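Colleague: Take this structure, written in structure tokens, and hold onto it; I'll ask about it next.
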Amino acid sequence: MKSDTRHSNDSASLSRRDLFRTASLGVLGLVAPSEVLGAELPSPVAANAQTLTPLNRFPRMVQEYFVARVRDIERDALQKKAALKTRAQAERYVRDVRTRIRNCFGPMPEKTPLNARVTGIVERDTYKIEKVIFESRPGLMVTGNLYVPKGRAFPLPGVVASCGHYDNGKAGEAYQSFAQGLARLGYVVLIFDPLGQGERFQYVGNDLKSRVGAGVKEHLVAGNQQLLIGENFAFWRAWDGIRALDYLLTRPEVDPRHIGLTGNSGGGTVTTWLCGLEQRWTMVAPSCFVTTMRRNVENELPQDIEQYPPNVLAAGLDHDDFLAALAPKPIVILSQEKDYFDARGAEEAYARLKRLYKLLGAEDNISLFVGPKPHGYTQESREAMYRWFNRATKVSDATTEPALTLEKDETLLCTPRGQVAELNSRTVFSFTAEKSKALARQRTALSESGLAQKVAAVLKLPTTVATPDARILRRFTGRQYPKREFTAYAIETEPGIQALVYCLSDETHYSRPPRGERAVLYVAHRSSDQELREEPLIRELLGLDSQAAFFTCDVRGIGESQPDTCGEDQFLVPYGSDYFYAGHSLMLDSPYVGQKTLDLLSVLAWLKSYGYTQVHLAAKGWGTIPATFAAVLSDVVTRVTLKLALTSFADVAESADYQWPLSTLVPGILTAFDLPDCYRVLAKKQLRQIDPVGPQAV
């Protein structure tokens with residue numbers, strides 16, 4: 001997904017992917033493979049390994065799996081919508097989507113005092129701009145500009161404006177433009193800075209700049225981490241919007257009978273979510289976001305963590321459902337023909353809503369505008385929004401944008417030097433760390449069986465794991481493994497997914513694995529093929545028991561199924577393909593770590609079917625996370641070795657500078673247990689830890 005970065009010409013905007021390509025991959029711990037896998041090698045082995053490209057025979061497997069799941073959900077949802085025939089059924093549907101949305105986003109926090117204050121006023125010809133600071137949560141400051149028309153009879157319609165991913169937030173050209181344009185037409189407009197943008201950087205250096213990168217990068221660092229404690233960044237962004245509305249309604253200049261909401265890109269996202277979470281809006285115009293979930297996954301479009309609200313796909317929700325939650329109030333969907341948010345999806349969302357609104361007797365209250373340009377809140381889109389709001393309020397009959405005079409960034413600042421950090425505002429991270437510590441105090445010690453139940457529940461694992469079937473793959477030679485021969489098996493762990501297992505041997509072996517009682521199963525960090533050449537732990541394991549069969553495993557999404565999607569060479573980019581599937585797993589209520597743990601449990605069941613009842617399970621790095629959980633759950637695992645395993649998820653939640661990617665984090669885990677609980681139980685299985693690492697290393 002691209003960023004609506006600071007350019008007046010929308011087509012000149014840099015893509016988010018380009019921004020990340022130039023940034024340090026260390027921001028989220030996504031380091032180059034050579035830094036992770038080759039550091040301990042004797043130089044001759046490393047030199048030889050450089051000539052071999054790691055095997056990857058299933059690069060589209062994960063993509064097609066997620067496409068199939070989302071298509072199934074969309075098909076079922078469309079059948080339910082098609083079954084609506086009467087107004088009463090349509091009204092029940094609207095109530096139902098409101099409930100489902102509320103369940104996905106979680107309970108509303110307590111509304112605490114806004115502690116609002118005006119820090120300055122900018123006087124202009126037909127309006128004034130008040131510089132406002134309020135608290136959306138205790139101590140969490142929000143900076144905003146309140147545009148108030150002059151020379152008009154109050155009260156006037158009000159509008160909350162939500163910004164997209166401009167680094168300078170509310171001062172961005174497009175956002176100043178529509179806020180000022182609305183004010184000149186007779187609307188009171190509150191436009192506020194998003195978390196991580198404008199005056200609200202969460203990771204501020206001594207120079208008052210973001211030390212991780214403004215916008216999406218700040219969102220990822222803060223939002224990924226929040227998931228561990230059962231919070232989600234989408235709701236935190238939306239809650240700022242709800243509290244902005246609360247503040248707007250305290251103003252005597254505002255007519256509560258006419259309250260609008262609009263935003264573009266990331267602001268269009270928040271606008272869409274707010275339709276489902278807040279019923280006080282009377283007219284809405286989301287720009288450059290609304291499409292369909294299917295189009296986004298099919299088009300391999302990574303999005304901000306705020307755009308992956310947990311469980312929404314599992315609940316059968318799509319973008320149109322969030323707008324349906326506000327039906328039959330007036331809504332215009334603003335799209336662009338050349339946007340990466342697929343205009344076909346916008347048309348599909350509109351068609352679904354058109355039918356629903358017709359059943360509700362308000363067919364004219366839903367509209368679609370598709371502009372001719374790329375991503376951005378262009379003048380054409382802004383004018384479509386003005387016309388739509390004017391139609392609802394009758395405050396103006398203007399159909400075009402009035403002449404604008406844009407302000408310099410510093411003119412619009414609410415704080416002395418441009419950051420709430422100067423005023424000792426709390427950060428999202430401070431709330432995350434505080435809750436993590438509180439959850440640790442609340443958790444009680446679990447029995448072995450109690451822990452197993454918690455692990456299965458948090459990871460959303462099935463109650464039973466069937467013995468899977470396996471394909472035998474054709475041979476590759478010259479891989480420079482510690483043993484002369486290997487056989488590769490693609491083990492189907494669920495429809496469309498294979499875990500890749502290598503069985504090493506000294507003799508040629510083309511068939512199913514040999515039967516036995518003892519086995520070593522090594523779970524790769526990034527690639528079995530590469531680690532078999534480079535990882536000293538593998539050579540050590542091979543020397544421990546010459547009679548034990550030796551297997552390695554690539555769980556889904558790494559090694560032989562590392563995705564080649566979301567653009568060229570995007571796997572390790574913080575906003576790339578590994579993150580993309582972890583994000584969709586959130587929406588499916590199917591933790592990516594849980595899916596990988598299922599792969600391992602299936603492989604262990606497969607080994608058990610060949611007589612292996614004493615398995616030494618070993619793993620490195622990313623592989624230690626699913627390996628730890630599989631070891632807790634499997635009765636055939638009798639010994640465990642973990643290299644570079646994470647000390648605890650609490651350490652990640654309580655560190656502002658962690659380096660574990662989203663694909664390794666488990667949503668809500670700290671509400672139930674933590675890794676040390678697993679390590680305690682695994683002591684009975686001869687757990688050996690080699691160089692455990694904290695949040696900054698992987």
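The values are calculated or read from the model by the stated rules, or taken from the named source; none is laboratory data. Source: prediction; values computed, not measured. Counting neighbours? That spans all protein chains shown, and the Cβs are built from the backbone with ideal geometry, glycine included.
Colleague: If I ask for residues that are basic (Lys, Arg) and over 21 Å from ILE242 (Cβ atoms), which ones from region 134-169 would you list?
Modeller: LYS150, ARG152
Colleague: Right, next: In the list LEU274, LEU326, which residue meets the criterion of being under 25 Å from the mean Cα position of the chain (by Cα) and in a helix (DSSP H, G or I)?
Modeller: Answer to the selection: LEU274.
Colleague: Just checking, how many residues over region 258-271 are within 15 Å of PHE192 (Cβ to Cβ) and in a loop (DSSP other than H, G, I, E, B)?
Modeller: Total meeting the criteria: 0.
Colleague: May I pose another question? Inspect all residues belonging to region 200-210 and state whether any of them is under 22 Å from VAL122 (Cα atoms) and either in contact (Cβ under 8 Å) with a residue 24 or more places away in the chain or among the charged types (D, E, K, R) (or both).
Modeller: yes
Colleague: Output the number of the condition that VAL615 fails; it satisfies all remaining conditions of (1) touching a Leu at 6+ places or on another chain (Cβ under 7 Å); (2) in a helix (DSSP H, G or I).
Modeller: Answer for VAL615: the failing condition is (2).
Let's see how each residue does on (1) over 18 Å from ALA183 (Cα atoms); (2) over 32 Å from the mean Cα position of the chain (by Cα):
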residue: GLU363; (1), (2): yes, yes
residue: PHE369; (1), (2): yes, no
residue: LYS373; (1), (2): yes, no
residue: GLN379; (1), (2): no, no
residue: ALA384; (1), (2): no, no
residue: ARG391; (1), (2): no, yes
residue: LYS394; (1), (2): no, yes
residue: GLU401; (1), (2): no, yes
residue: LEU404; (1), (2): no, yes
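Colleague: Another one. Do we have any residue at all in region 644-653 that's within 21 Å of the chain's Cα centre (by Cα) and of a type in the set (Phe, Trp, Tyr)?
Modeller: yes
Colleague: Continuing with this model, one more query. Looking at region 608-620 only, could you name the residues that are crowded, with 24+ Cβ neighbours inside 10 Å and either of a type outside the set (D, E, K, R) or closer than 17 Å to VAL681 by Cα (or both)?
Modeller: VAL615, LEU617, ALA618, ALA619
Colleague: In region 528-571, which residues are at positive phi and in contact with a Gly (Cβ under 6 Å, 6 or more places away or on another chain)?
Modeller: CYS566
Colleague: Please count how many residues of region 332-357 are assigned to a helix (DSSP H, G or I) and not small (Gly, Ala, Ser).
Modeller: 10
Colleague: Name the one entry in ARG152, ARG75, ARG60 that is free of Cβ contacts under 8 Å to residues at least 40 places away in the same chain and under 30 Å from GLY567 (Cβ atoms).
Modeller: ARG75
Colleague: So which residues in region 220-257 are farther than 16 Å from THR427 by Cα, acidic (Asp, Glu) and either in a loop (DSSP other than H, G, I, E, B) or under 14 Å from the mean Cα position of the chain (by Cα) (or both), if there are any at all?
Modeller: Selection gives GLU253 alone.
Colleague: Then there's this: Quick one: which helices (runs of 4 or more DSSP H) sit completely within region 37-129 and have at least 1 residues that are acidic (Asp, Glu) and at pLDDT 95 or above?
Modeller: Per the criteria, 61-82, 87-105.
Colleague: Of everything in region 171-181 that's of a type outside the set (S, T, N, Q) and in contact with a Phe, Trp or Tyr (Cβ under 7 Å, 6 or more places away or on another chain), which residue is nearest to GLU401 (Cα to Cα)?
Modeller: My answer is GLY181.
Colleague: Another one. Would you please list the contacts, defined by Cβ atoms under 8 Å and residues six or more apart or on different chains, that run from a residue in region 370-381 that is under 22 Å from ALA351 (Cα atoms) to a residue that is aliphatic (A, V, I, L, M)?
Modeller: VAL370/ALA343; VAL370/ALA346; GLY371/LEU334; GLY371/ALA384; SER381/LEU334
Colleague: In region 274-308, what residues are acidic (Asp, Glu) and in contact with a Cys (Cβ under 9 Å, 6 or more places away or on another chain)?
Modeller: The one that is acidic (Asp, Glu) and in contact with a Cys (Cβ under 9 Å, 6 or more places away or on another chain): GLU300.
Colleague: Just give me the residues in region 567-600 being among the hydrophobic types (A, V, I, L, M, F, W, C) and over 23 Å from ALA314 (Cα atoms), in sequence order.
Modeller: Result: PHE571, LEU572, VAL573, LEU600.
Colleague: A further question on this structure: Residues of region 109-134 being in contact with a helix residue (DSSP H, G or I) (Cβ under 8 Å, 6 or more places away or on another chain) and not small (Gly, Ala, Ser), which ones?
Modeller: PRO109, LYS111, LEU114, VAL122, THR126, TYR127, ILE129, LYS131, VAL132, ILE133, PHE134
Colleague: Pull out all pairs, ordered by first then second residue, where Cβ-Cβ is under 9 Å, the residues are six or more apart or on different chains, the first lies in region 247-269 and is closer than 25 Å to THR112 by Cβ, and the second is among the acidic types (Asp, Glu) and surrounded by fewer than 24 Cβ atoms within 10 Å (Cβ to Cβ).
Modeller: Every condition considered, the pairs that remain are LEU261/GLU278.
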